[in-house]
Amino acid sequence: MNDTSITIRMNSETKVKAQELFTSLGLDMSTAINMFLNEAIEFQGIPFVIRKYRSEADRAFADTQMMNTDMLA
């Protein structure tokens, strides 16, 4: 399969923070983005939850639920 290129725009601070994170995980930006895209294809959607919260209380409750779920894994 032939490789191809894409161009994306992002906040420069986000890019730096992402590069630092991925480097600490032994990844480069291309590999990390490819991992995300492959997971999206496998999952047939965004491979994480996207929510719109009505209030900060809803957000806090969801964060608590997510932490509890992570502790069980």
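The values are calculated or read from the model by the stated rules, or taken from the named source; none is laboratory data. What you see is a predicted model; the values in this text were computed from it and never measured. All Cβ positions, glycine included, derive from the backbone under ideal geometry; neighbour counts span all protein chains shown.
Let's see how each residue does on (1) under 18 Å from the mean Cα position of the chain (by Cα); (2) of a type in the set (Gly, Ala, Ser):
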{"residue": "Ser12", "(1), (2)": "yes, yes"}
{"residue": "Gln19", "(1), (2)": "yes, no"}
{"residue": "Asp28", "(1), (2)": "yes, no"}
{"residue": "Ile33", "(1), (2)": "yes, no"}
{"residue": "Leu37", "(1), (2)": "yes, no"}
{"residue": "Ile46", "(1), (2)": "yes, no"}
{"residue": "Lys52", "(1), (2)": "yes, no"}
{"residue": "Ala57", "(1), (2)": "no, yes"}
{"residue": "Ala62", "(1), (2)": "yes, yes"}
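If I filter region 33-73 down to residues being modelled with pLDDT of 80 or more and charged (D, E, K, R), which single residue comes out as surrounded by the most Cβ atoms within 10 Å (Cβ to Cβ)?
It comes out as Glu39.
Before we move on, is Phe48 aromatic (Phe, Trp, Tyr) and in a loop (DSSP other than H, G, I, E, B)?
Numbers: aromatic (Phe, Trp, Tyr): yes; in a loop (DSSP other than H, G, I, E, B): yes.
Against the criterion (aromatic (Phe, Trp, Tyr) and in a loop (DSSP other than H, G, I, E, B)), Phe48 qualifies.
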